[in-house]
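Trainee: I'd like to ask some things about the structure below.
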Amino acid sequence: DQTFFSAYMYMMMLFFIIMTSGQLLVRSMLEEKSSRIVEMLLSSVPARDIMGGKILGLGALGLTQLLTWGIFATAVSMFSGLSVIPLGNALLLSVYFVLGYLFYTAIFVSAGAPLSTEQEAQQVTSLFSLGLVVPLALSIPVMQDPGSALAIVLTMIPVFTPMMMAIRIPSQMPPLNEIVFSLCILGASVYVMMRLAGRIFSASVLLTGKRLSFRELKAVLGKTP
């Protein structure tokens, strides 16, 4: 029960931090496009640098929130007598948290950059909210058997990797090869998504009141890096 509680709390923190940061990111892009602030920024800073600054700034905010909650949870566990996640496991989970945050944020940038209205932004964030609930729903069968084929397969899917590892590491440490392989897949996915997000952001950052068409999006994604 204590292991499930600690893993579930980690998943909920990751869920709320991603949703909060994603909503702030999408809304900030809409505000800058509507107020023409982004045009002044682009006069001196490349579009990819603007996107990177947004992601890093919100990432630092998310890590600060995670650290604050972690200190609070450690203090509560010490006074209540609950077990605390070992330092090595906590550091490994932090790596998955950072990579997972960058991956999800790149998805938010890719989906939010072409938007031009507040209604569209609400629809996109609501859709991602439903998508992030899926790992939470799969947490119980994975907790019951962390070494099952289902747990291993879900661990290797980048969308599920951070939350699945949040369950498996505290309950039953996965083999080293699974940890290395999942980190390589997640890291490669982060790189690919960041490149795609950079292209989409660069192509649509100056669009105001106009959507990026499918043909334009296909041309942007088909460009040689």
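The values are calculated or read from the model by the stated rules, or taken from the named source; none is laboratory data. Note that the structure is predicted; figures quoted are calculated from it, not measured. Counting neighbours? That spans all protein chains shown, and the Cβs are built from the backbone with ideal geometry, glycine included. Ligands, DNA and RNA are stripped out before the accessible areas are found, and what is left, the full protein with its side chains, is counted by its heavy atoms. Shrake-Rupley method; radii C 1.70, N 1.55, O 1.52, S 1.80 Å.
Trainee: Exactly one condition in (1) modelled with pLDDT under 85; (2) within 15 Å of Val95 (Cα to Cα) is false for Ser204; which is it?
Mentor: Failed condition: (2).
Trainee: Could you name every one of the helices (runs of 4 or more DSSP H) located completely within segment 83-190 that has at least 1 residues being under 17 Å from Tyr10 (Cα atoms) and of a type in the set (Gly, Ala, Ser)?
Mentor: Correct list: 87-112, 118-137, 139-144, 161-171.
Trainee: Also, quick follow-up: Out of segment 106-118, which residues are open to solvent by 10 Å² or more (accessible area, probe 1.4 Å) and at pLDDT 75 or above? Working first, answer last.
Mentor: So the first thing to find is which residues in segment 106-118 are open to solvent by 10 Å² or more (accessible area, probe 1.4 Å), and the list is 107, 110-111, 114-118.
Residues satisfying the conditions are Ile107, Ser110, Ala111.
Trainee: Mind listing just one residue for me: the one in segment 125-139 that is open to solvent by 50 Å² or more (accessible area, probe 1.4 Å) and small (Gly, Ala, Ser) and, of those, farthest from Ile157 (Cα to Cα)?
Mentor: So the residue we want is Ser126.
Trainee: For the subset of segment 47-58 comprising residues that are open to solvent by 70 Å² or more (accessible area, probe 1.4 Å) and either without any contact (Cβ under 8 Å) to a residue 12 or more places away in the chain or of a type in the set (S, T, N, Q) (or both), which member is farthest from Phe16 (Cα to Cα)?
Mentor: Asp49
Trainee: Which condition number does Leu154 fail, the rest of (1) open to solvent by 30 Å² or more (accessible area, probe 1.4 Å); (2) more than 21 Å from Ile55 (Cβ to Cβ) being met?
Mentor: Against the list (1) open to solvent by 30 Å² or more (accessible area, probe 1.4 Å); (2) more than 21 Å from Ile55 (Cβ to Cβ), Leu154 comes up short only on (1).
Trainee: Checking Ala73 against (1) open to solvent by 40 Å² or more (accessible area, probe 1.4 Å); (2) in a helix (DSSP H, G or I); (3) modelled with pLDDT of 80 or more, only one condition comes out false. Which one?
Mentor: Here Ala73 meets the rest and fails (3).
Trainee: When both residues are 6+ apart or on different chains and their Cβ atoms are under 6 Å apart, which pairs have a first residue that lies in segment 98-120 and is more than 18 Å from Leu61 (Cα to Cα) and touching a residue at least 12 places away in the same chain (Cβ under 8 Å), and a second that is assigned to a loop (DSSP other than H, G, I, E, B) and open to solvent by 20 Å² or more (accessible area, probe 1.4 Å)?
Mentor: Partner pairs satisfying both residue conditions: Pro114/Arg211; Pro114/Leu212; Ser116/Gly209.
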